[in-house]
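One structure is given below, encoded as structure tokens.
The values are calculated or read from the model by the stated rules, or taken from the named source; none is laboratory data. Source: prediction; values computed, not measured. In this analysis, Cβ positions are derived from the backbone assuming ideal geometry, glycine residues included, and neighbour counts consider all displayed protein chains. Side chains included, ligands, DNA and RNA excluded: accessible areas come from the protein's heavy atoms. Shrake-Rupley method; radii C 1.70, N 1.55, O 1.52, S 1.80 Å.
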Amino acid sequence: MSKHPANHPASSSAGHPGHGPAAMPPKSRRKPPHGHGPGAPGEKPADFTGSVAKTARFLARWKWQLLLVAVFALGSTLFNVVGPLVLATATTALFEGAVELVNGTGAIDFDVIGASLALTMALYGASSACSFAQGWIMSGVTQKACLELRNAIVAKVNRMPFGYFERNAIGDTLSRITNDVDTLGQSLNQGLTQLVTSTVTVVGVILMMLSINLVMTGVSLLIVPVSVVLVAVLVKRGQRYFVAQQEVLGQIDGMMEETFAGQPVVRAFGAEQRVVGEFDRTNDQLYQAAWKSSFISGLMKPLMDFAGNLGYVVVAILGCIFAAQGVITVGHIQAFIQYEKNLIHPLSQLTQVANVLQSMAAAAERVFAFLEQPEEAAEQPSAQAGEIDGSVDFDHVTFGYDPANPVIRDFSARVEPGQTVALVGPTGAGKTTMVKLLMRFYDVDQGAIRMGGRDLREFSRADVRSSFGMVLQDTWLFGGTIRENIRYGRLDATDDQVEAAARSARAHHFIKTLPGGYDFVINEDATNISQGQRQLLTIARAILADRRMLILDEATSSVDTRTEGLIQDAMDALMEGRTSFVIAHRLSTIRNADLILVVDAGNIVEQGTHEELLELGGFYAQLYNSQFMDCKDEPL
């Protein structure tokens, strides 16, 4: 399948940047949106002007296309504005000819009327052609902009620090890719063209009106300051609701993504009502923000229409007076009334553009805020992957997700090439954190981790991760066939090699019992196979990857005892000659480890072989014996 990247870090069964079609973290690490998402509803954007400026800089790459859009918009508007004045000639000729015909002093000049109508039709036709060209180019620009923004966000995901995905809801990030980018694209498509055409229309109409009558133009323009005040008040009141609408929509997406993915857990614990209640509260926040923004948006046009109709009545009265006095012609009255309506319409459009620009700014702020998130530190590797020989030194390593509260404190150990090292200890002792440091998901705060005698930070992250095969407790499989999921460990593997890896992982038998065998399609959440079967597939993936070092985090925790024994044999063969780090709570699975590091509160409290630690009778012996407390047979 084309969805698999060509360069990937090993065969991880859990997600981290760079893994999987969607680069998703394992479900157990997805944080709820509550308290982790954007600001509270009603919060104003941090930098409205800055968001618009960033959008403008982003669009600068299509400046020539946008210039053409402006030219066509200008042409469409000018042709449309001149039309009523040309049509006024036909109206005047018809009216005066009819009067002369009734008085018997002349006749209607159809030649003048015909020429005027033909020119009017040509002007409106040219206006429509320019409008079509403008819309066609603008649609292309906005869709290309959306395409590049989505690509930029997805590319950004793979450059983000691993901690970002442990702190933020995945659904909110997805909302930025979908809802916010779509809102930004739609707003650009509507807002920019309307802004140009409406502004040019207002200026052109005012110039045409001035050419007809100064007094009538002055009366018409009285509605402009009224309109500006109304728009300013409503825009100021409405901006926070547009921002809140986008933010809460991101929270809704995050909540739905989590809830749908965790349906078995939700139902198992009878949490349906609690989930529905949380959704209802967030959905109500979305409702409140959405109806207020929609109400304010809808309020602008009727207020503008009311102000415009008042001006229209006054202009009609003045026009009749001036026509009776011979100051203007009947055709001019008709043209002026059209201009009066044409002035109200673009002003109304400008109020709508104000709403559209608010939505655009709210969406742009969220999109660019994500794109400006700090990335992993730039790399200047001075060591090559070939220097990784399988030896690992932990040299007084200190690390904390919050530097003020270290999780690992002054950790030191030496691992020889080809050794199997087990990390054991109570939950929260720092075992998984050590694996994250090995994979350079995080860098140490103090001390150093060395591979082949070189500081880990001297290698590129890609080189480090390409040296490890991984099987984690949190299985990760994507929607696709079993063959494709196993081949994710090595994309150039043949079908025979895939099948051989499955046999080694003791997965071949159950695969052949499925409809289609290796072509059986796993669904998005891999719920159509058992947890144990998922684990077997991730083990097969690691076997196929054939890396020089392995990380096994509770790799057999989800299989039965008999299968565990079979897998253990396969894993022992796989680990032979490779440096392996094994995290295990079932201490019976690490009896043969070359070195056992007993970790407690981020420190190595004991180290040695299984027999040595039991003889010591310390912390490890207590852990080991506690697992057999209820057994009749004495483990020692």
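Do any residues in the range 596-611 that are open to solvent by 50 Å² or more (accessible area, probe 1.4 Å) have Cβ atoms under 7 Å from those of residues that are in a loop (DSSP other than H, G, I, E, B), where the two are at least six apart or on different chains, and which pairs are they?
What qualifies is D600/G425; D600/P426; D600/A429; A601/A429.
Residues are listed down the side, and each one gets a yes or a no for (1) touching a residue at least 60 places away in the same chain (Cβ under 8 Å); (2) more than 23 Å from F165 (Cα to Cα); (3) outside any helix (DSSP H, G or I):
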{"site": "L249", "(1), (2), (3)": "yes, no, no"}
{"site": "D253", "(1), (2), (3)": "yes, no, no"}
{"site": "F260", "(1), (2), (3)": "no, no, no"}
{"site": "D280", "(1), (2), (3)": "no, yes, no"}
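I'm trying to understand the selection: among the residues of the range 322-335, which are part of a helix (DSSP H, G or I) and under 14 Å from T89 (Cβ atoms)?
V330, G331, H332, I333, Q334, A335 - these are the residues of the range 322-335 that are part of a helix (DSSP H, G or I) and under 14 Å from T89 (Cβ atoms).
Does L574 satisfy the criteria of being modelled with pLDDT of 80 or more and not in a strand (DSSP E or B)?
No.
Of everything in the range 408-440, what is buried (at least 19 other Cβ atoms within 10 Å of the Cβ) and over 26 Å from R548 (Cα atoms)? Give them in sequence order.
A429
Taking the range 338-370 as the search range and keeping residues that are more than 21 Å from P225 (Cα to Cα) and either of a type in the set (G, A, S) or without any contact (Cβ under 8 Å) to a residue 12 or more places away in the chain (or both), which one is surrounded by the fewest Cβ atoms within 10 Å (Cβ to Cβ)?
The residue in question is A369.
Please go through (1) open to solvent by 50 Å² or more (accessible area, probe 1.4 Å); (2) in contact (Cβ under 8 Å) with a residue 12 or more places away in the chain for A501 and return the number of the only condition it doesn't satisfy.
Condition not satisfied by A501: (1).
Quick check: anything in the range 610-624 within 21 Å of F411 (Cβ to Cβ), part of a loop (DSSP other than H, G, I, E, B), at pLDDT 85 or above and among the small types (G, A, S)?
Yes, because at least one residue in the range 610-624 is within 21 Å of F411 (Cβ to Cβ), part of a loop (DSSP other than H, G, I, E, B), at pLDDT 85 or above and among the small types (G, A, S).
If you take the residues in the range 180-202 that are at pLDDT 85 or above and among the hydrophobic types (A, V, I, L, M, F, W, C), which one is surrounded by the most Cβ atoms within 10 Å (Cβ to Cβ)?
L184
Any residue at all in the range 470-488 that is part of a strand (DSSP E or B) and either modelled with pLDDT under 85 or touching a Cys at 6+ places or on another chain (Cβ under 6 Å) (or both)?
Yes, the range 470-488 contains at least one residue that is part of a strand (DSSP E or B) and either modelled with pLDDT under 85 or touching a Cys at 6+ places or on another chain (Cβ under 6 Å) (or both).
Yes or no: L117 buried (at least 18 other Cβ atoms within 10 Å of the Cβ) and more than 30 Å from E375 (Cβ to Cβ)?
Answer is no for this residue.
Those residues that are of a type in the set (V, I, T) and not in a helix (DSSP H, G or I), I need them from the range 434-467; list them, please.
Listed by number, the residues that qualify are V444, I449.
Within the set of pairs 6+ apart or on separate chains, which have a first residue in the range 459-470 that is open to solvent by 20 Å² or more (accessible area, probe 1.4 Å), a second that is β-branched (V, I, T), and C-beta atoms under 9 Å apart?
Pairs that qualify, where the first residue is open to solvent by 20 Å² or more (accessible area, probe 1.4 Å) and the partner is β-branched (V, I, T), are D463/I388.
Which count do you get for residues in the range 272-305 that are hydroxyl-bearing (S, T, Y), modelled with pLDDT under 85 and open to solvent by less than 70 Å² (accessible area, probe 1.4 Å)?
Matching residues across the range 272-305 total 2.
Can you name every one of the helices (runs of 4 or more DSSP H) wholly within the range 150-233 that holds 2 or more residues which are without any contact (Cβ under 8 Å) to a residue 24 or more places away in the chain and not basic (K, R)?
Filter on the range 150-233 gives 181-212, 214-221.
Given the options A90, A122, name the one that is modelled with pLDDT of 80 or more and assigned to a helix (DSSP H, G or I).
A122
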